[in-house]
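Just below is one structure, and these are the notes that go with it.
The values are calculated or read from the model by the stated rules, or taken from the named source; none is laboratory data. From a predicted model like this one, the values you see are computed outputs, not experimental measurements. Positions of Cβ are backbone-derived with ideal geometry, glycine not excepted, and every protein chain shown enters the neighbour counts.
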């Protein structure tokens, strides 16, 4: 559920008409509901109350420091994949002891930054990375707490671009090799082995892949304890539970908990979860204005001021995002149209061949389910300033990221002397 609802014919975000925010902020902008974020986090957190656990929000899904602060205040840790996300998490007041660091390409500088900060653990994705962390820890005179990211070769039955747990994916260490990798890690002087991590993908709408992958890593943890004397403290089972964009019926966190908590209770481990989309996806929308409409040989186009640089998911994944008017108009027939943006690419669209209300020049629309991987994947392509981000709480709203200016576009650039 979310807090973007119509009252009569007008779209509200919690207790505020979206039209009022448009009047003060302009378009396009991302709009988030603090109440929805809080409710989604609490629903997930409470579902697993029977096992000791930490919910580490996947910062890559929406990394604005105001959003991270909101979640930290609810008790969330962070799942990060870069030094920049670590910086954001610390600015937001996240407890470093609740931060897990994933990603296949951590640099030596990023590793040292995380070691100096005192994070919970690194999720190690390769043998060479393990050696790099050991060397960095030696340089700093510290012990690096690590888990190995295990690739369980389980099909998450999702889009191939967001599948991460198969042998052909770049992530993690093959589960068949993991036992020997753990023995290697145990023997390194500056490494402390504390966990096992797995993450099989995103937008997963079935429970069985979670269960299958979990069984494999629990068996590995037991074998490590019994045969190698490696006692695991943390079992990081990742995230990936899907949301409803169109007609999907993903399981509620309670259903996932019912399937896996009996297995987790027996382990005695502290469980780490890494949800992102589940918390943020339906907690945000992208608001845009209709610039023009046109018809090309019977095909309808609605041209808006938000494009693929602002929301790339439809172009990149062919993903469906519901599109609704900010103000409903009675008596207007529906049409089949493409919603397209200003980017100079035929791949610049927010919807294709969609049955929609008749939008007219000057109307406003909301692209739903855009809170996750919306702004965080946006860019300045075509030299377009990135849009504003706005957070609503009750009857208040605040711009949590101002709209970029043309000056922001060229900040850091300079013309060399030989061209002057």
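Listed values, structure above:
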item	result
Test: residue 139 is over 12 Å from residue 185 (Cβ atoms) and over 22 Å from the mean Cα position of the chain (by Cα)	yes
Meets criteria (under 28 Å from residue 39 (Cα atoms) and either over 22 Å from the mean Cα position of the chain (by Cα) or at pLDDT 95 or above (or both)) for residue 319	no
When residues of the stretch 357-379 are limited to those that are modelled with pLDDT of 95 or more and not in a loop (DSSP other than H, G, I, E, B), the one nearest to residue 19 (Cα to Cα)	364
Residue within the stretch 366-376 that is exposed (fewer than 14 other Cβ atoms within 10 Å of the Cβ) and farther than 26 Å from residue 295 by Cβ present	no
Subset of the stretch 114-131 (residues that are surrounded by 19 or more Cβ atoms within 10 Å (Cβ to Cβ) and farther than 12 Å from residue 172 by Cβ)	114, 115, 119, 120, 121, 122, 130
Matching residues in the stretch 380-420 - criterion: being in contact (Cβ under 8 Å) with a residue 12 or more places away in the chain and assigned to a helix (DSSP H, G or I)	381, 382, 383, 406, 408, 409
Scan of the stretch 66-90 for residues that are surrounded by fewer than 19 Cβ atoms within 10 Å (Cβ to Cβ) and either farther than 26 Å from residue 143 by Cβ or in the same structural domain as residue 196 (by TED's automatic domain parsing) (or both), ordered by number	66, 69, 73, 74, 75
Contacts under 6 angstrom Cβ, first residue in the stretch 92-120 being without any contact (Cβ under 8 Å) to a residue 60 or more places away in the chain and at positive phi, partner assigned to a loop (DSSP other than H, G, I, E, B) and surrounded by fewer than 24 Cβ atoms within 10 Å (Cβ to Cβ), 6 or more apart	103/81
Lone qualifier among 300, 282 - being modelled with pLDDT of 95 or more and crowded, with 24+ Cβ neighbours inside 10 Å	282
Condition met for residue 357 (touching a residue at least 12 places away in the same chain (Cβ under 8 Å), loosely packed, with under 12 Cβ neighbours inside 10 Å and in the same structural domain as residue 27 (by TED's automatic domain parsing))	no
Any hit, the stretch 141-164, residues being out of contact with any helix residue (DSSP H, G or I) (no Cβ under 7 Å at 6 or more places or on another chain), in a loop (DSSP other than H, G, I, E, B) and modelled with pLDDT under 95	yes
Count - residues of the stretch 211-235 that are more than 13 Å from residue 150 (Cα to Cα) and out of contact with any helix residue (DSSP H, G or I) (no Cβ under 7 Å at 6 or more places or on another chain)	8
Members of the stretch 300-338 found to be within 19 Å of residue 382 (Cβ to Cβ), touching a residue at least 40 places away in the same chain (Cβ under 8 Å) and not in a strand (DSSP E or B), listed by number	305, 306, 307, 308, 309, 310, 311, 312, 313, 316
Residue 96 being within 20 Å of residue 370 (Cβ to Cβ) and either out of contact with any helix residue (DSSP H, G or I) (no Cβ under 6 Å at 6 or more places or on another chain) or surrounded by fewer than 21 Cβ atoms within 10 Å (Cβ to Cβ) (or both)	no
Tally, over the stretch 264-289, of residues that are touching a strand residue (DSSP E or B) at 6+ places or on another chain (Cβ under 9 Å) and part of a loop (DSSP other than H, G, I, E, B)	5
Strands (runs of 3 or more DSSP E) within the stretch 20-87 that include 1 or more residues in contact with a strand residue (DSSP E or B) (Cβ under 9 Å, 6 or more places away or on another chain) and on the phi > 0 side of the Ramachandran plot	none
Qualifying positions in the stretch 227-263 - without any contact (Cβ under 8 Å) to a residue 60 or more places away in the chain and assigned to a helix (DSSP H, G or I)	227, 228, 255, 258, 259, 260, 262, 263
Members of the stretch 188-211 found to be surrounded by fewer than 17 Cβ atoms within 10 Å (Cβ to Cβ), touching a residue at least 40 places away in the same chain (Cβ under 8 Å) and not in a loop (DSSP other than H, G, I, E, B), listed by number	192, 211
